[in-house]
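The structure appears below as C-alpha cells.
No lab work stands behind these numbers, since they all come straight from the coordinates. None of the values given here were measured: they were computed from a predicted structure. Glycine also receives a Cβ, built like all others from the backbone with ideal geometry; neighbour counts cover every protein chain displayed.
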Amino acid sequence: MVCEKVPYSLEDTATVRTEVFIMNIFEAIMLLCFGSAWPFSIYRSYKSRSVQGKSLTFLIILIVGYIAGILNKLINHYDYVLYLYILNMIMVSIDTLLYIRNLKYIRNKKLNENM
C-alpha cells in the first residue's frame with residue numbers, strides 16, 4: 001500500500017497554526033505557573049539554610065524534565081516557550097545548589113556541636 005501525499009489547503013495550514021499557537025499559550029501558562037513558585041523557594045532556601053521540605057531527587061527529576069522540554073523545543077518546534085523552560089531550569093538549578101549548600105552547612109553545624 002502506497003501512501004499518497006495529501007496536499008493541504010491554506011485553510012488547513014491556518015488551522016494547524018492556530019492549534020499550535022493555542023498549545024503554546026497553554027504550555028507557556030503552565031510554565032509561568034510552575035516558575036512563579038521558584039523565586040519564593042529560592043529565597044526560603046537561601047534565608048533558612050535548611051533542607052526541610054526539600055528533596056534532591058525531586059529537584060533533579062525537575063531539571064531532567066526541563067532539559068527534555070528544552071530539547072523538544074530545539075529539535076521539534078522552536079518558539080518563545082523555550083525561554084520559559086530555560087528560565088525555570090535555571091531557577092530549579094539554583095534551588096538545587098542551595099540545597100547542597102544547606103546540606104553542607106547542616107553537616108558542618110552538627111560536627112561543630114559534637115566537638
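Just a few scattered comments:
- Subtracting the Cα-Cα distance of Val20 and Glu113 from 0.36 nm times their residue separation leaves 27.7 nm of extension gain.
- In the chain, the calculated helix contribution to ellipticity at 222 nm averages -29500 deg cm²/dmol per residue, counting -39,500 (n - 2.57) for every DSSP H run with n ≥ 4.
- The order of the peptides 49-62, 80-93, 101-114 by mean Cβ neighbours within 10 Å, most packed first, is 80-93, 49-62, 101-114.
- In order along the range 55-67, the phi-based Karplus estimate (6.51 cos²θ - 1.76 cosθ + 1.60, θ = phi - 60°) of 3J(HN,Hα) comes to 9, 4, 4, 4, 4, 5, 4, 5, 4, 4, x, 5, 4 Hz; Gly and Pro are listed as x.
- Degrees, to the nearest 10: 81-114 long Cα axis against longest axis of the chain: 10
- For Rg and Dmax of the Cα atoms in Å, computed directly from the structure shown, the correct entry in (i) 23.6, 70; (ii) 16.7, 59; (iii) 21.3, 79 is (iii).
- For the chain, relative contact order (Cα pairs under 8 Å, six or more residues apart, normalised by length) works out to 35 percent.
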